[in-house]
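Read the structure below first, then the notes.
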Amino acid sequence: MTGPAALSQTQVPLISARGISKQFAGVEVLRDVDLDLRVGEIHALLGENGAGKSTFAKILAGVHRPTTGTIALNGEQVEVANPVVAQRLGITLIHQEPISFPDLSVAENLVLGRSEDGWFSPVPWAKMTRDARALMDLLGVDIDVTQPMRGLSIADQQMVEIARALASDSRLIIMDEPTAPLTPREVETLFGIARRLRSEGRTIVFISHRLEEVRALCDRVTIFRDGNKVGTHTIDELTDADIIRLMIGRPLKEYLHKPRTEIGAVALEVENLTLPGRFEAISFSVRRGEIVGLGGLVGAGRTDVARAIFGVAPALSGTIRINGKQATIREPDDAIALGLAFVPEDRAQAGIFRSLSVEQNITAAVPARIAPRGFIRRSVEKALSSEAIRSLRVRLASARQPIGELSGGNQQKAILARWLLTDPTVLILDEPTRGIDIGVKAEFYDRIGELAASGRAILLISSELPELLALSDRILVMSEGRLTAEFPRAEASQEKIMKAAVPRSATLGEAA
Amino acid sequence: MSAAETSPPANVAGRESAPPRPLWHLVLVRPETLTLVLLILGVIVASRLSPYFLDIGYILRSFALSAEIALVALVLTMVIIAGEIDLSPAANMALSACIFAWAQASGVPIPLAVLLGLLAGLAMGGVNAFFVIVMQLPSIIVTIGTLILYRGLAQILAGDRSIRIAEGFIGVDRILVLGVPLPVVVFVLAAIVLALVLGGTIFGRQIYQIGTNEVAARHAGIRSRRIKLILFLMIGVVAAIAGIMTASRLGSVRYDLALGKELEMVLMAMLGGTYIFGGRGTIPGTFLAAWLLVVVSTGMTVANLLPAIQMTVLGILLIVSIIATNFIYSRTQR
């Protein structure tokens, strides 16, 4: 599996994982992964969202336990049952936004969970502070260890996490997208420290979407796709274009393509929409009968734009026009009145009323229709909801049963049904097929196509490239809060979308 | 794939969802059913202790002493279903009663004094609403604060003395409508109206929806803040009505009117099957619980139990009711 360099290395690998698979609730997210990590290397894990790289890292760190497979540390098989065991074995996972106790001092955070003292032995304040200072000096960073964690920048909090790893003499340090929240300078400092740790013979696993960082820092890369390991290579063997191809190279599934529809007037138009820290200068439009796909990596700001348009968290500046008229949307209520509908990404949090009936869930956005004179008319409610249930083929035992009893796909259909009752002009769908079985997905694709065909404007946010490619008339791509590309359907490809989605990769076009 | 984060449990093949429950099951798992059973048991036990309990007039007269509290408990039920709580209405009752009593004692005509009391209640509800809705503070903390504040203001206004109520306004509980004391009539009518509002209108339904999932409610275009504002104003006014009725029943007002009664209000709501975390509960439940509570405490008085023991029993009752409601809801929810 590993590149030719592996053969020349006779040393026992630090970590040797064999046949690692992981299932969550019956869904396989990692399939039979073999991976060796050498002593003193920086090893990148690359892949799309959901490819399995983070799951693999979490298995190494004891956060998840593999369904099958073994892990050997220095040639000896180990059982990484939980993060505490991992730490004892010398494996530390650095979180992107470190989990700490914000009101305790840096020094206290450093010793937390590692104390060998009894419950009632006095806290050795002086020693604690001394040790903490020594660690900071070792890392060569200037952090006052007596100040509370709260006051530290995220970069410094990461340093404290790294210091924690050093304090427990970790041999393997896993960094899961550490650079995303950092400034370029902070990234440089982090890289300097990572290189020093490597020279001391420690091993670092580095997860990032940013190819140029991987190139600058790492020795070898392993690429994941759809839960499988695609391959491990030394970084010099691959061009950026190779890496992108390996990341997305799955065969394009044969989805029913969206039927050609009559594209009409502009229904939704946003101009210079800005919410500092989330997204900036977003301008685009969606026409009636058109499906506009919005692609990008998780955290690129796509959901924030949708939430802003729908009034959940309005933008600070910029304009929204609905059917050519400027709209003021401060609350979802305003958006609904203007003919907007929004199926949110997080169904349990923002979609369903778990303990209430399917019927009530479906009619929640059309109070005036079910209670024309103030009092709810059960017959009207029943008629409206059962028609929606039939047309979307929601499978249930009774419209009066709590929606929480339905499967995820059927809950999602009920939410879609809720919005069809409002007869929206513009429909925003945020990851509409997330966590839904393949069969039901195909049904959703048909429905989305039909909705466009009936003259509605659809903005489709999706992290699944085949889904975007199959359904969209046009595809917009966001990266780090900005629109980075727009492709008509005929010109879009997975490679192009990925290139535009990967942060700071504007120059990668030449490499291809 | 992306199902990794929160994939719902996989479908068992061929079974998309649970089969519908039989009707008897639905009735049995309603928490009000438990309240009703307890109420019937309470009446049977109490009538063994004292033959007075077979006299409906006796029960009605006993209930008149708690009708004001029970009235507020009805609105409190709606506040709790909406996912909030209000612990200040007993203090509100005292302050609005003091303002009313002070006004009429200083020569303000009775109708105007009543209006002043009601406005004071509305304002107190508004203050709670401001902190909870605008300042986004947790209602339990806010209303513990205003509970102390309103009680303190009542004491500043009334001092340690009792303010006498004008002769003509005393004795609301002695006015009988078809043999039923007026406070009880007010309570029953309020229960009917509120049950219709909560069970049959969009306003009522949205109360359940925001109590079940406020984020989802907002995404469905429900203006949860407006609904909560209305509820806090409602409970403010109703507390003032209760305070003025209490003043009329007692004939004089002191700052310690209805002292500690907020717990009894919460107890009524809980006993009636209202879920403390919001989203579930009914007006008929609280209605039944109010009668249950009166029967139990009157029964204990008749049986000559010491007040300390009575308190203990009420405390146990509250805890048992919360356990029962939680148990029932967790069983029906999976």
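The values are calculated or read from the model by the stated rules, or taken from the named source; none is laboratory data. Note that the structure is predicted; figures quoted are calculated from it, not measured. Note that we place each Cβ from the backbone using ideal geometry, even for glycine, and neighbour counts take in every protein chain shown. Remember, those area values only see protein heavy atoms, side chains included, never the ligands or the DNA or RNA. Shrake-Rupley method; radii C 1.70, N 1.55, O 1.52, S 1.80 Å.
Points to keep in mind about this one:
- Simple Cβ-charge dipole of segment B:56-333, Lys/Arg +1 and Asp/Glu -1, about Cα centre, in debye nearest 20: 400 debye
- Springs join every pair of Cα atoms under 10 Å in this Gaussian network model of chain B, and among B:M268, B:M124, B:M135 the largest mean-square fluctuation is at B:M135.
- GNM top mover of B:A324, B:A123, B:A303 - chain B, alpha-carbon springs below 10 Å: B:A303
- For the pair A:R489 and B:I319, label points projected 7 Å from Cα toward Cβ lie 6.7 nm apart.
- Take each residue of peptide A:348-354, count the partner chain Cβ atoms within 10 Å of its Cβ, and average: the result is 6.
- Helix axis angle, A:125-139 relative to chain A longest principal axis, alpha carbon, degrees: 80 degrees
- Overall shape: oblate for segment B:227-334, with the ratio a/c of the largest to smallest alpha carbon gyration tensor axis at 1.5 or above and b/c at least equal to a/b.
- Pairs of Cα atoms in chain A fall into 20 Å distance bins, from 0 up to the last occupied one, in shares of 20, 47, 29, 4, 0 percent.
- Karplus (6.51, -1.76, 1.60) ³J(HN,Hα), θ = phi - 60°, over segment B:260-275, in Hz, Gly and Pro reported as x: x, 6, 4, 5, 5, 5, 4, 4, 4, 5, 5, 4, x, x, 6, 8
- Accessible surface for B:R223 stands near 70 Å², nearest 10, in the context of the full protein assembly shown (1.4 Å probe).
- Counts of other chain beta carbons within 10 angstrom of each beta carbon in peptide A:400-413 average 4.
- Value of relative contact order over chain B, rounded to a whole percent, pairs C-alpha under 8 Å and six or more apart: 32 percent
- Mean separation of Cα contacts under 8 Å, 6 or more apart, over the residue count of chain A: relative contact order %: 15 percent
- Angstrom value of the Kirkwood radius, inverse mean 1/r, which spans all Cα pairs in segment A:17-72: 11.7 Å
- Per residue, the accessible area of the protein assembly as shown comes to 43 Å², computed with a 1.4 Å probe over protein heavy atoms only.
- Inter-label distance, A:R130 to B:M135: 4.8 nm, where each label sits 7 Å from its Cα along the C-beta direction.
- Across segment B:102-112, computed HN-Hα scalar couplings (Karplus, 6.51 cos²θ - 1.76 cosθ + 1.60, θ = phi - 60°) run 4, 5, 6, 6, 8, x, 6, x, 3, x, 5 Hz from first to last residue, x flagging Gly and Pro.
- Estimated FRET transfer efficiency (A:T183, A:N323; beta-carbon r; R0 45 Å; 0.05): 0.60
- Heavy-atom SASA rank of B:I59, A:I461 (probe 1.4 Å, accessible area, largest first): B:I59, A:I461
- Counts of other chain beta carbons within 10 angstrom of each beta carbon in peptide A:300-312 average 1.
- Amide hydrogen neighbours beyond the local backbone of A:I42, cut-off 5 Å, H modeled: A:I204, A:D219, A:R220
- Across the options B:V188, B:L176, B:Y275, the greatest Cα extent toward the positive end of the charge dipole of chain B (unit charges at beta carbon of Lys, Arg, Asp, Glu) belongs to B:Y275.
- Overall form of segment B:132-269: oblate. Here a/c, set by the Cα gyration tensor axes a ≥ b ≥ c, is 1.5 or more, and a/b is not larger than b/c.
- Rounded to the nearest Hz, the phi-derived 3J(HN,Hα) couplings of segment B:127-132 under the Karplus curve 6.51 cos²θ - 1.76 cosθ + 1.60 (θ = phi - 60°) are 4, 4, 4, 4, 5, 6, where x marks glycine and proline.
- Hits among aspartates and glutamates - C-alpha to C-alpha of A:K229 under 16 Å, sequence gap 8 or more where chains match: A:E28, A:D32, A:D34, A:D36, A:E48, A:D242
- Mean separation of Cα contacts under 8 Å, 6 or more apart, over the residue count of segment A:352-423: relative contact order %: 48 percent
- Remark: the Cα gyration tensor places segment A:99-169 in the prolate category, a/c being 1.5 or greater and a/b exceeding b/c.
- If R0 is taken as 45 Å, the Cβ-Cβ distance between A:R393 and A:E212 corresponds to a FRET efficiency of 0.45.
- Acute angle (nearest 10 degrees) that the helix B:202-212 long axis makes with the longest principal axis of chain B, alpha-carbon atoms: 70 degrees
- Environment charge at B:A101 (Cβ cut-off 12 Å; Lys +1, Arg +1, Asp -1, Glu -1): +3
- Of all the options B:A190, B:A220, B:A90, the one that moves most in a Gaussian network model of chain B with Cα springs shorter than 10 angstrom is B:A220.
- In chain A, the sites counted are GluC sites (Glu not before Pro) in DSSP loop states with at most 12 other Cβ atoms within 10 Å, and the longest stretch holding none of them, exclusive of the sites, is A:263-512.
- Cα-projected label distance for B:A303 with B:V215, points at 7 Å along beta-carbon direction, nm: 4.8 nm
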